[in-house]
Amino acid sequence: MLQHIYPHKPILQLLIELGINRATDATDRIVIILKSLHSTDLPIAINTNMARLTTEKEKQDGPFLTQPIFQHVKFEHEDVIDIRYEHREVNGFRDQLTYNFVEILKSSYDLMTGYQDAKDLEDRIRIAKSPNRMTIEKWLTRFVVLESVAGIPGSVAGFLRHLRSIRSFKRDMGFIDTLYDEAFNERMHLLIFLKMSQPTKPTKALLWVGQGIFANMFFMTYIVSPKTCHRFVGYLEEEAVGTYTRCLEDMDAGLCPELVNYPVPNIAKDYYHLEGEVTMYDLIQLIRADEAKHREVNHTFANLELEGDDRNPFALQIGGNCHEPTKDLRWHHAAGWERDELIL
């Protein structure tokens, strides 16, 4: 390991001396350093009791399987691998309120799943070398908890807009389908991970209670301020992208070989239309891309006049040579599209 070879030199100095001072992506630099860690040099990791790996019987599919109602859009591979954690700048009271709430939720979420957020590169290496590093059980627990919550906002918002359309005797301008598609997509993520890991009974009880509280809070808040809810989901999806990016970096560095070598569930292959040799790394990249799309969609919705006549720009492409929101990852705007950028 680098710090064993050069024990008196700080990490950033080592990066420079090893020629890693070029303008590369931060992820590349992290992976270069983490690859110097070997599993034989690491202490035994502290694991979690919140979930267990599935049995062979639980991995099997039932006899009556239906095709997904919402078919997944095909993403270009180049667009998928380009996804990164990106943060929309907090601007105004609404943004500050929702961002702070997400940070509070994230702290509880990190504690529950045994996840330590690195402050910088040196802290990242310290975590990777410690008993608190992530294991396959910790990662899958984190994914299951995340996706059990992420499927709520789209379904609640879609339901409320459905009722609004009925009582106002007007069309919804395309929002309902996108919201239900988002909820369906998040639930598919959960079903995929449940083929790999099953939460224990205490975890299920905790998630049941959490779902009841969060769904009702989101329901009441959406009635009062839909824009606040969509900004909240946008920041929540930023954290989801960050989680999957961190997992991919660990897989790149060989820190969790059990996850790297885990077979991709058939439900994932069917949903994403995957053929040939497919790895867990490929699957996590696709799921991260989905979360990035939800990040873009919700930050954009928070910029629109949702109680007015603005249309959903993701539901219908105008065409021509203009850049506009799409259902795939073309012209991706991580921080969302501003209202004055759109033809509504």
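The values are calculated or read from the model by the stated rules, or taken from the named source; none is laboratory data. Not measured: the values here are computed from a predicted model. Note that we place each Cβ from the backbone using ideal geometry, even for glycine, and neighbour counts take in every protein chain shown.
With (1) of a type in the set (S, T, N, Q); (2) under 27 Å from Thr203 (Cβ atoms); (3) modelled with pLDDT of 95 or more as the list, and Ser165 as the residue in question, which single condition is left unmet?
Looking at each condition in turn, Ser165 falls short on (2).
Could you identify the single residue in Val145, Val209, Val149 that is without any contact (Cβ under 8 Å) to a residue 40 or more places away in the chain and closer than 30 Å to Lys57 by Cα?
Residue meeting the stated conditions: Val209.
List every residue pair whose Cβ atoms sit under 7 Å apart, with the two residues 6 or more apart in sequence or on different chains, where the first one lies in the range 102-127 and is within 22 Å of Pro43 (Cα to Cα) and without any contact (Cβ under 8 Å) to a residue 40 or more places away in the chain and the second, anywhere, is in a loop (DSSP other than H, G, I, E, B) and of a type in the set (D, E, K, R).
Asp110/Asp117; Ile127/Arg133
Residues of the range 83-123 being touching a helix residue (DSSP H, G or I) at 6+ places or on another chain (Cβ under 6 Å) and at pLDDT below 85, which ones?
Matches in the range 83-123: Ala118, Leu121, Glu122.
Considering (1) at pLDDT below 95; (2) over 21 Å from Leu105 (Cα atoms); (3) of a type in the set (D, E, K, R), say which one Arg246 fails and leave the rest.
Result: Arg246 fails condition (2) only.
Search the range 213-234 for residues being under 21 Å from the mean Cα position of the chain (by Cα) and β-branched (Val, Ile, Thr), and hand back the single one that is farthest from Arg295 (Cα to Cα).
Among residues in the range 213-234 that are under 21 Å from the mean Cα position of the chain (by Cα) and β-branched (Val, Ile, Thr), the one farthest from Arg295 (Cα to Cα) is Thr228.
Would you point out the residue of the range 167-186, among those that are surrounded by 18 or more Cβ atoms within 10 Å (Cβ to Cβ) and of a type in the set (D, E, K, R), that is nearest to Glu56 (Cα to Cα)?
Only one residue tops the list, namely Glu186.
If Thr203 satisfies every condition in (1) assigned to a helix (DSSP H, G or I); (2) out of contact with any strand residue (DSSP E or B) (no Cβ under 7 Å at 6 or more places or on another chain) but one, which is the exception?
Every listed condition holds for Thr203 apart from (2).
Would the range 150-158 turn up any residue that is buried (at least 22 other Cβ atoms within 10 Å of the Cβ) and not in a helix (DSSP H, G or I)?
no
Which residue pairs have Cβ atoms closer than 7 Å, lie 6 or more positions apart in sequence or on different chains, and pair a first residue in the range 82-97 that is closer than 19 Å to Cys229 by Cβ with a second residue that is of a type in the set (S, T, N, Q)?
What qualifies is Val90/Gln96; Arg94/Thr228.
Can you list the helices (runs of 4 or more DSSP H) found entirely within the range 68-134 that contain at least 2 residues being hydroxyl-bearing (Ser, Thr, Tyr) and surrounded by 14 or more Cβ atoms within 10 Å (Cβ to Cβ)?
Of the helices (runs of 4 or more DSSP H) lying wholly inside the range 68-134, those with at least 2 residues that are hydroxyl-bearing (Ser, Thr, Tyr) and surrounded by 14 or more Cβ atoms within 10 Å (Cβ to Cβ) span 93-113.
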